[in-house]
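Where a number appears in this text, it was derived from the coordinates with a stated rule and is not lab data. Just so it is clear, the model here is predicted, and its values are computed rather than measured.
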Amino acid sequence: MTILQIDNEENEEIEELGNFLVLVLAYSRVEVLYYSQLQVVRLVVSKTAAGQLYHHLIPFVLLIVGSSPFDVVDPSWELYVLIQRKTDQQGEIYNRLLGFTAVYRFYHYPDSSRLRIGQILVLPPYQHKGCGRYLLEVLNDVAISENVYDLTVDEPLDYFEHVRTCVDVLRLHKFDPIKHAVSSAVSQLKQGKLSKKTHPPRLMPDTRVIEDVRKSLKINKKQFLQCWEVFLYLGLDHVDRYMDDFVGIISNRMKDDLIGKDYGTGGKQVIEVPSNYEPEMSFVMFRSQAGEAASTVQIDENQPNQEEQLQQLVDERVKKIKSIAEKVSVELSIIAEAS
């Protein structure tokens with residue numbers, strides 16, 4: 001774990017970055033997406049001075065995020081910058097840079113695009129204050145308003161995945177088309193003794209439901225299935241007698257994903273597309289719907305204790321589900337009390 005101490009001098013550097021951002025905005029074509037005390041500004045990196053701003057942020061990317069900087073020449077990168085407008089004691093307005101996210105816009109065959117979050121960073125003094133969630137909600141709104149195919153994340157860290165799934169579960173909670181499917185699956189779980197059946201059901205949502213979620217909320221299949229498991233757990237009301245069957249469903253799903261994982265091309269196809277950026281790279285690879293939700297679960301096949309490895313993965317997954325469900329339950333209670 002890397003701990004970065006931010007002292008007053010470094011805070012001043014952050015404020016200077018905020019003021020530098022003002023200069024970037026003054027000489028660039030940008031789009032301010034949200035006006036309030038917090039503002040999110042979108043910059044297409046290759047067409048603005050945003051590349052210079054990003055170069056100032058690279059030390060934070062290396063130290064905190066731990067990932068490599070992206071190519072500021074590639075026109076598919078977009079930078080979403082979160083700033084806070086503040087007024088000092090003399091009445092002067094200044095800007096404070098709180099964080100940013102870098103998003104790559106992929107071509108999606110035949111006539112759409114996909115947004116993928118490549119980096120997201122909230123500067124240390126402003127972490128755990130909802131800034132990362134705010135950026136994520138802005139991206140969700142952008143994905144819907146621009147009708148992209150979906151919004152994905154490149155190798156998310158556990159904490160960000162936790163926040164993202166909490167946000168998506170709350171969004172899905174208000175999405176009527178999934179309610180009947182969740183209710184039906186929970187009813188089957190409550191019947192009990194599913195784990196003792198020769199072929200226990202996986203209780204997966206219907207393909208039509210999965211597609212409705214993607215089209216309306218831009219949540220891809222893999223992420224929706226993560227949220228689906230949280231909904232099943234919430235529907236069981238934490239009743240112990242249902243937990244064996246619930247854990248069995250999670251275990252069977254993970255096992256099926258491992259056994260059924262396709263090590264071949266998975267229905268991938270390569271299509272040439274026109275591009276003004278590096279013509280030799282002007283192609284797109286896409287996967288058939290059957291391969292969209294490839295599993296990220298991995299087991300070392302060279303180890304003899306594969307069943308133990310699987311059980312450990314299942315235990316970790318159930319722990320994550322319970323943690324997300326607890327957080328979501330608190331927020332739903334607050335919403336219910338306020339309404």
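Tell me whether the range 139-191 comes out rounded, prolate or oblate; compute the Cα gyration tensor, take square roots of the eigenvalues as a ≥ b ≥ c, and use a/c under 1.5 as the rounded threshold.
On the way: a/c = 2.86, a/b = 1.56, b/c = 1.83.
Since a/c reaches 1.5 but b/c is at least a/b, the shape of the range 139-191 is classed as oblate.
Between residue 133 and residue 147, 0.36 nm times their residue separation minus their Cα-Cα distance comes to what? Before the final figure, lay out the partial values.
Numbers: separation 14, 0.36 × 14 = 5.04 nm, distance 2.09 nm.
Length difference between fully extended and current span is 2.9 nm.
Remark: for residue pairs 86/322; 86/319; 215/320; 193/319; 190/327; 86/320, the C-alpha separation exceeds 29 Å in 86/322; 86/319; 86/320.
Out of all Cα-Cα pairs in the range 53-208, roughly what percent, to the nearest whole number, are more than 25 Å apart?
Values: 5765 of 12090 pairs.
Looking at the range 53-208, the distances longer than 25 Å represent 48 percent of pairs.
Net length available on complete extension from residue 71 to residue 113 is 13.2 nm, with 0.36 nm assigned per residue and the Cα-Cα distance removed.
How much length, in nm to one decimal, is gained on full extension between residue 323 and residue 310, taken as 0.36 nm per residue of separation minus their Cα-Cα distance? Write out the running numbers ahead of the final one.
Working: separation 13, 0.36 × 13 = 4.68 nm, distance 2.00 nm.
Here the answer is 2.7 nm.
Look at the alpha carbon pairs under 8 Å that are at least 6 residues apart: their mean separation over the length of the range 57-136 gives a relative contact order of 25 percent. Hey, how many Å between the Cα centroid of the range 106-151 and the Cα centroid of the range 174-194? Here the two parts' Cα centres lie 30 Å apart.
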